[in-house]
Amino acid sequence: MATSAIAGYKGEFMISTSTAAAQLSRVAEIRNWVVTLEHAEIDGTSHDSSGDREVIAGTGSWGGTAELLHVQASTDQLAIFDLIIGRTKCLSEWIPTGTSSDGLYRGIGFLTNWELGSPNDDASNTSISFVGTGPLSRIAASSSN
């Protein structure tokens, strides 16, 4: 059976300094990124539930992390730092295959954490965390592929 697995190194992480898609730029030197989508159910269990838990739909949330090699003069990495300092909403895209025509995930959110590391036996690195506000959208692959 053929596999349709995707090589992780092809993935791209894009970010905008605003909520406008026209200003998206590729974040350089990404080592890893993770996007998490969650659903927080509401407990609807009562004495009439016959001893079994019952839940109803609650709120959704999303967020994630990215790890990258730290490049002091990288304009996109400087922009990430400025976004967290300025507490500015931004648009982000995660493209698993590296080609947006294959489909992507898009959402508006805030950067919530920035860490700079300088390990003795590895390259300097930066880790960021983000949390979404509003929905995370899945943009399907274009029909031309």
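The residues of the range 105-145 that are of a type in the set (Val, Ile, Thr) and either touching a Pro at 6+ places or on another chain (Cβ under 9 Å) or touching a residue at least 60 places away in the same chain (Cβ under 8 Å) (or both), listed by number, are 108, 128, 131.
Which members of the range 106-127 meet the condition of being farther than 15 Å from residue 19 by Cα and either part of a strand (DSSP E or B) or touching a helix residue (DSSP H, G or I) at 6+ places or on another chain (Cβ under 7 Å) (or both)? Full working, then the answer.
Filtering the range 106-127 down to residues farther than 15 Å from residue 19 by Cα leaves 112-127.
Once the filter is applied, which keeps residues that are farther than 15 Å from residue 19 by Cα and either part of a strand (DSSP E or B) or touching a helix residue (DSSP H, G or I) at 6+ places or on another chain (Cβ under 7 Å) (or both), the range 106-127 yields 112, 113, 114, 115, 116, 117, 125, 126, 127.
State whether the residues of the range 14-25 include one that is of a type outside the set (Gly, Ala, Ser), at pLDDT below 95, surrounded by 15 or more Cβ atoms within 10 Å (Cβ to Cβ) and in contact with a helix residue (DSSP H, G or I) (Cβ under 7 Å, 6 or more places away or on another chain). Among the residues of the range 14-25, at least one is of a type outside the set (Gly, Ala, Ser), at pLDDT below 95, surrounded by 15 or more Cβ atoms within 10 Å (Cβ to Cβ) and in contact with a helix residue (DSSP H, G or I) (Cβ under 7 Å, 6 or more places away or on another chain), which makes the answer yes. Does residue 133 meet the test of being of a type in the set (S, T, N, Q) and either at pLDDT 95 or above or touching a helix residue (DSSP H, G or I) at 6+ places or on another chain (Cβ under 8 Å) (or both)? Yes; evaluated as a whole, the condition is true for this residue. The condition (being small (Gly, Ala, Ser), touching a helix residue (DSSP H, G or I) at 6+ places or on another chain (Cβ under 8 Å) and surrounded by 12 or more Cβ atoms within 10 Å (Cβ to Cβ)) is satisfied by just one residue among 98, 60, 103: 98.
Just one of the numbered conditions (1) of a type outside the set (Asp, Glu); (2) touching a Gly at 6+ places or on another chain (Cβ under 9 Å); (3) without any contact (Cβ under 8 Å) to a residue 24 or more places away in the chain is not true of residue 64: (3).
The values are calculated or read from the model by the stated rules, or taken from the named source; none is laboratory data. In this text the structure is predicted, and so the values were computed from the model without any measurement. With ideal geometry, Cβ positions are generated from the backbone for all residues, glycine too; neighbour counts draw on all protein chains shown.
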